[in-house]
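The values are calculated or read from the model by the stated rules, or taken from the named source; none is laboratory data. These numbers come from a predicted model, not from an experiment. Here the Cβ positions follow ideal geometry from the backbone for every residue, glycine too, while neighbour counts run over all protein chains shown. Each accessible area value is taken on the protein alone, full model and side chains, heavy atoms only, with ligands, DNA and RNA left out. Shrake-Rupley method; radii C 1.70, N 1.55, O 1.52, S 1.80 Å.
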Amino acid sequence: MELIMLGGNILTMDGKRSRAQAMAIENNKITAIGNNNQIVNMANDQTKVVHLRGRTVTPGFIDPHNHFSMTVFEPVSVDSRTPPLRDKKAVLDAISATASATPKGKWIWGQSYDTRVLKEAEPLTCWELDEAAPDNPVCIMDASYHALYANSDAMAIAGITKRSPDPYKGTIVKNRKGEPTGYLHERAMDAIHKITMRSMIDFHGEEVVGDLVRQNALMHLSHGVTSIGDAQTMPESAELYRLADSQGKLPICVRQLRGGETFFGIPDKMAAGEYDNDNVSDRLRGGSMKIFMDPVFPEFGFFKCHHDGSVSPEGEIYYEQNEVDKLVLDATSKGLQVAIHCIGNRSIEQAINAFERAINEVPDADKLRLRLDHFMFPTQELIQRAADLPIIISHQSAFLYNIGDVFEEGVKNYGINAPAQPMADMVSAGATIAAGSDFPCASVAPIDGIAAAASRRHISGRQIEPGQAISAEEAISHYTNGSSYAIFRDDEVGSFELGKRADMVVLSHDPTKAHVDHIKDIQVEQTYVDGQLVYSKGAGQ
């Protein structure tokens, strides 16, 4: 026997939600689960014994909606998060400091400038960025990842001028003189985003890029995340993964959800089956397509519900019903899973309509695990429709903590008859649910999402719709059972059962026993992939 774990509180997350004290692993797989007396006798001279001393063990957490490839270059980028940076000046100072140490002409990339949480923060302008970095093109991502801030050099390289019209489903924000301010929304940001990623890959080279992917994977492992779905895999994203995988630097499993050639581009090539080679290795997998159904700017795709029972379309959508239907029908006819980003009730309805049509018209489409990703503002009717179909709701509960007030405002402003982030209602309806992060838009740590789902606690300290809380055990099942199903790994991981792979997380405390307001403080102490220790708190990696 290679490894046995003794004296623990092991949450198997099997069909009975049973618990055990001990577990045995051989050839990377679970060979026995039981009490200490049963397992200890399986040890021999070569067995590594882990004494858990009462600590809790769960299956490795799985994040089916993560933007891993978008954060690979964070260690060599400007950290523009607000907070912890206190205001726009602090961000510009950080950019200036980076520019002073950066070769002339090299792109400067920054992450997660947030005007939503830091209310006094204002959009960055190209003129401010020009002053901070006069010799470099600059691209600073908005925290929503649906917009960016560019300086004049960056816009010139992308061909954005005063005469440039807004692209379809995108906005080049301009001042009163008609000059681009550098604030670009949705598809208007695509060209600069793509050029920035390409420049980072080319500048750093294959070896460094592989190391950066591995470093990002180790950060995820430190939070207990052992598998992810990259929820918008562009050609550059796929290149990052293939480089790292070929160098043996991909210690987590990645399922690529292919989108268009640019971040918000139409995924027509994927729907046509052009990326049938994404199943690269055991670590790097494909077979899924991503569609954006609604934007963040100017507003999510809503139906406003009026007192007289009528509804009116509000906000924006990326596709009309016939357009999204065609993409879904084309993809499912080729056996592809489809995940649709849908936030507002209008976009959710269109996504469900498209899935319902595919299930009715395409043989075996009901087996493709079609996904509604985000599902932030459903009505009660849409919750039940989703629950009644063979589809998955892939949501991100950690958003409750940082922008739960946005959900409350949306429900109120648009007359939606379901409460903000209605998790308990989704569970009661019998929906198939997976949980993820949408990192970097929300916390990457599953513990934060589990805490938010159980406590409904907002960053302000107040609770958002406390009646929609679910148990910590139910939330853990979403990050294990549900999410492994969402990325087609449920036969391998997601629960501790004989023959499954030994992806495991050792926690300092049991989330199912802790007070809901203390779950957020629980630490990941160890993470195992295939029975191998890949992260240990306090140890150098």
Calculate the tail of P(r) for the stretch 153-255: the fraction of all Cα-Cα distances greater than 18 Å, expressed in %.
58
Could you tell me which trypsin sites (Lys or Arg not before Pro) in the stretch 1-97 are loop residues by DSSP with no more than 13 other beta carbons within 10 angstrom of their beta carbon?
K16, R53, R86
Exceeding the 31 Å Cα-Cα cut-off - candidates K89/K174; K169/K520; K106/K326; K29/K326; K194/K334; K177/K290:
K169/K520; K106/K326; K29/K326; K177/K290
Could you put R457, R489, R357 in order of accessible surface area, largest first, with the 1.4 Å probe and the full protein assembly present?
R357, R457, R489
Can you run phi through the Karplus equation (6.51, -1.76, 1.60; θ = phi - 60°) for the stretch 63-74 and list ³J(HN,Hα) in whole Hz, with x for Gly and Pro?
10, x, 10, 9, 10, 3, 5, 6, 10, 4, 8, 4
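Under 8 Å for C-alpha pairs, at least 6 residues apart: give me the relative contact order for the chain, rounded to a whole percent.
16
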Of H51, V78, N66, which is farthest on the positive side of the dipole of the stretch 15-101, counting Cα position, with +1 on Lys and Arg Cβ, -1 on Asp and Glu Cβ, and the Cα centre as origin?
H51
For L243, L533, L85, L129, write out the residues from largest to smallest accessible area, computed with a 1.4 angstrom probe and no ligands counted.
L533, L85, L243, L129
Using amide H atoms built in the peptide plane, which far-off residues or other-chain residues are under 5 Å from G301 H to H?
E316, I343, G344, S347
For a quick size check, give me the Cα extents of the chain along its three principal axes, largest first, whole Å.
79, 61, 48
Along each principal axis of its Cα atoms, how long is the stretch 249-303 end to end? Whole angstroms, biggest number first, please.
42, 26, 19
What are the equivalent ellipsoid semi-axes of the stretch 344-393, built from the alpha-carbon gyration tensor (square roots of five times its eigenvalues), in whole angstrom, biggest first?
19, 10, 9
Can you work out the Karplus-derived ³J(HN,Hα) for every residue in the stretch 324-337? Use 6.51 cos²θ - 1.76 cosθ + 1.60 with θ = phi - 60°, whole Hz, and x for glycine or proline.
6, 4, 5, 4, 5, 5, 4, 5, 5, 5, 9, x, 8, 5
HN-Hα couplings for the stretch 505-514 via Karplus (6.51, -1.76, 1.60; θ = phi - 60°), in whole Hz with x for Gly/Pro, come out as 10, 9, 10, 5, 9, 8, x, 7, 10, 6
What is the sum of charges around F375, taking Lys and Arg as +1, Asp and Glu as -1, for the other residues whose C-beta is under 14 Å from the C-beta of F375?
-3
S437 neighbourhood, Cβ < 11 Å, K/R = +1, D/E = -1, net charge -3
Accessible area (Å², 1.4 Å probe, nearest 10) - D87
50
In the stretch 69-157, which GluC sites (Glu not before Pro) are in a loop and have at most 15 other Cβ atoms within 10 Å, using DSSP for the loop call?
E120
